[in-house]
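A short worksheet on the structure shown next.
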Amino acid sequence: MHFGGPDGELAAAMRYLHQRYSMPNKKVVGLLTDIGSEELGHLEMIGAILYQLTRNLSEEEIACSPFATYFVDHTTGVYPIAASGVPFDAKYFAVKGDVIADLNEDLAAEQKARATYDNILRLSDDPDVNDPIKFLRERELVHYQRFAEAIRITQDDLDSKNFYAYNPAFDPKRDCRR
């Protein structure tokens, strides 16, 4: 499901909570803190869903399903892995230290999360899965809107309106390589 992997809730939480350190605006820092903390809650919800779906599987159900290879390594423990089998990796944090690059990464991350939840809803007919997934999908839309707001706040603070080509944090006159 949407637990680990590059587009999972763990990656989102870690990305936002680490990006906040290089954000120049305190409102944007607060926004990243709030959303990163909420993503940890999403991680808990997905973990609970995964455990509830797998805890009572019989040996035959496990052996006859794609879950068998996961079971060999993790039994029914909740392990941060994508539905494709890709485990979580710290490289998914996607922290560049450039406010525009990081916030655009965050917009993309929220849309990828929404798309994943859309796909889960296409495949599932279980209301005990679908109801929390619908809630999580709605939260991803809100996060997307909040990151768009963060970009507007950031753009208003920049010295240059050519904000996609100019990074005021880098001053070539202070380049120590000269």
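The table that follows gives values for the structure above.
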| quantity | calculated |
| --- | --- |
| Looking only at region 81-134, and only at residues there that are in contact with a helix residue (DSSP H, G or I) (Cβ under 8 Å, 6 or more places away or on another chain) and hydroxyl-bearing (Ser, Thr, Tyr), the one that is modelled with the lowest pLDDT | Tyr92 |
| Filtered residues of region 39-52 (kept if open to solvent by 40 Å² or more (accessible area, probe 1.4 Å) and in contact with a helix residue (DSSP H, G or I) (Cβ under 7 Å, 6 or more places away or on another chain)) | Leu40, Met45 |
| Some residue of region 75-82 being β-branched (Val, Ile, Thr) and on the phi > 0 side of the Ramachandran plot | yes |
| Meets criteria (within 21 Å of the chain's Cα centre (by Cα) and under 21 Å from Ile35 (Cβ atoms)) for Ala90 | yes |
| Among residues of region 38-89, those that are touching a Ser or Thr at 6+ places or on another chain (Cβ under 8 Å) and of a type in the set (Val, Ile, Thr), counted | 2 |
| Of all residues making up region 14-40, the number that are in contact (Cβ under 8 Å) with a residue 24 or more places away in the chain, hydrophobic (A, V, I, L, M, F, W, C) and not in a loop (DSSP other than H, G, I, E, B) | 6 |
| Subset tally (residues that are in contact with a strand residue (DSSP E or B) (Cβ under 9 Å, 6 or more places away or on another chain), of a type outside the set (Val, Ile, Thr) and more than 20 Å from Leu31 (Cβ to Cβ)) for region 81-135 | 5 |
| Any helices (runs of 4 or more DSSP H) falling wholly within region 45-128 and containing at least 3 residues that are over 14 Å from Arg15 (Cβ atoms) and in contact (Cβ under 8 Å) with a residue 12 or more places away in the chain | 67-74, 99-123 |
| Residues of region 22-61 classified as hydroxyl-bearing (Ser, Thr, Tyr) and modelled with pLDDT of 95 or more, total | 2 |
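The values are calculated or read from the model by the stated rules, or taken from the named source; none is laboratory data. Source: prediction; values computed, not measured. Reconstructed Cβ throughout: ideal geometry from the backbone, glycine too, with neighbour counts over all protein chains shown. Ligands, DNA and RNA are stripped out before the accessible areas are found, and what is left, the full protein with its side chains, is counted by its heavy atoms. Shrake-Rupley method; radii C 1.70, N 1.55, O 1.52, S 1.80 Å.
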